[in-house]
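All remarks here apply to the structure that follows.
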Amino acid sequence: MWPKGCAPRWWRPAGGPDSAATGPAITTLRVAATRTASIIRCVGIASVAVQVIIWHSFYLTAPSRLAGPVVAVAWGSAAVLYLLRRWPVWQLAAVDSGVYVVLALCARWCLPTVMRGDSSNWLYIVLVGQLVAPAWFARTTMLAVLALASGAAYWAGAALTPPAGSGSPTSPATAVMLLLAIVSAAWFGRRMLHRRAVEADAALERADQDSREQYVVLSRQTERREHERLLHDTVLNTLTALARAHGSATEVVSRCRDDVKLIERVLGDPEDTAGPAWQRYDGMLTRIKAVASQMRSRGLDVHVEITDSVEVTDGSVPTRVARAMAQAVREALVNVAGHAGTSEAWIEVSQPADGGLQVTVRDAGAGFDPDRVGPGRLGVRRSIIERLADQGGQASVTSAPGEGTVVSLRWPAPPHPADGAIAGRAIAGRASGWGGAPW
């Protein structure tokens, strides 16, 4: 609706009373004030046309009397077009008032005798209407000068040619006082609304600053927790395997190399800053298949099953979610290899009907009783459940002695996701239904 290039004027109007104030509330107030002023000017134009029709006999007697109404309509129309395209400046307000001051002084040639000095004639209506603009857009000093000049001109024009007969219902002095009262009310309303808008913008700025600070703190905490999980998933698990003398020297060396590669890839992951913010599900599946292949090299027979709905979908998941999901799968398989007493595990990747991603890791091993797990065992809680919760997902572990273990990982895709929103969703992320594990 607005012409190209006029937006900056809304934010910093030249010469206005509030030119230094900016913000969404101030901008909205200025747009509303401009439209209101335009509507009032249109009402004035309509009143001119209606009264010319009503008093057509007066104007047809001497067609030169139409000069006043024609000037009022033409200038009012030009003012409306200007208000819709530009922010009013004080020079325009002065010229605008000057035109109507001249018309007021020429009331004897513009108005029927019985209507001169009355507050219901078209000249008075357009005179009041044009003062609404400086009441909102001009400085207080200029507004006072323009209002007094307009009132004096209207009174003088009526005094030069007093109405004939019984006179008009409203005296010129009363009409002038009413004009000044209307201008004062408009000025007071502007001041009050502007103060409220400034306060609203200040509150919004404070809230935005708090939100940015909280986002920074949350991002740092998420990164710190991820580094702690990475330390647990690699170095601590490898050292535990060494302490328990699990595996041959070649296997231990291979495992150490895998851990070093994982740490280098995560800590120096270019996807966090320079890489793409999103990957297709194919990228997600590649990560999971790579984890399964790595665990096979450690002696765990991993079966990967991917449903057709995931293979044919053209949806996408955030890179951080894909990485967290793959690392959670890796930790679950490491737990199977180290604690389940079995050499076989299954991974199932599916897409629920409501979107998102579902990954299930299960085994038919020894299982365990979650209620008998001590609070000091943090592997699954931090490396799986909290890792998914930090990305807005959920994780649950179901197990019983002799019945194996099932780890369910769920990420509900947002309708229109954004990479920066993932960290914000971590505030609401919650792990579901399990309090600990021996891993």
Under the 0.36 nm per residue contour assumption, what length would be gained going from the current alpha-carbon distance of residue 297 and residue 206 to full extension? 27.4 nm
Please report, in debye to the nearest 20, how large the charge dipole of segment 7-206 is about its Cα centre when each Lys and Arg carries +1 at its beta carbon and each Asp and Glu carries -1 there. 320
Give a residue-ordered list of calculated ³J(HN,Hα) values for segment 199-215 (Karplus: 6.51 cos²θ - 1.76 cosθ + 1.60, θ = phi - 60°; whole Hz; x for Gly, Pro). 5, 5, 5, 5, 5, 5, 5, 5, 5, 5, 5, 4, 5, 5, 5, 5, 5
Between residue 43 and residue 213, Cβ-based FRET efficiency (R0 56 Å, step 0.05) works out to 0.70
Mind listing the long-range amide H neighbours of residue 304? Cut-off is under 5 Å, sequence gap 5 or more, other chains count too, H placed in the peptide plane at 1.01 Å from N. 347
Reduced Cα scattering model of segment 7-206, Debye log10 I(q)/I(0), q = 0.11, 0.12, 0.14, 0.17 Å⁻¹: -0.52, -0.60, -0.78, -1.06
Efficiency of FRET from Cβ geometry, residue 343 and residue 86, R₀ 56 Å, rounded to 0.05: 0.10
Residue by residue through segment 404-412, which ³J(HN,Hα) values in whole Hz follow from phi under the Karplus form 6.51 cos²θ - 1.76 cosθ + 1.60 (θ = phi - 60°), with glycine and proline marked x? x, 9, 10, 10, 10, 10, 9, 10, x
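Computed from the coordinates by the stated procedures, all read-outs in this text should not be read as laboratory data. What you see is a predicted model, and the numbers here were worked out from it, not measured in a lab. Quick reminder, even Gly has a Cβ in these numbers, built from the backbone with ideal geometry, and neighbours come from all protein chains shown.
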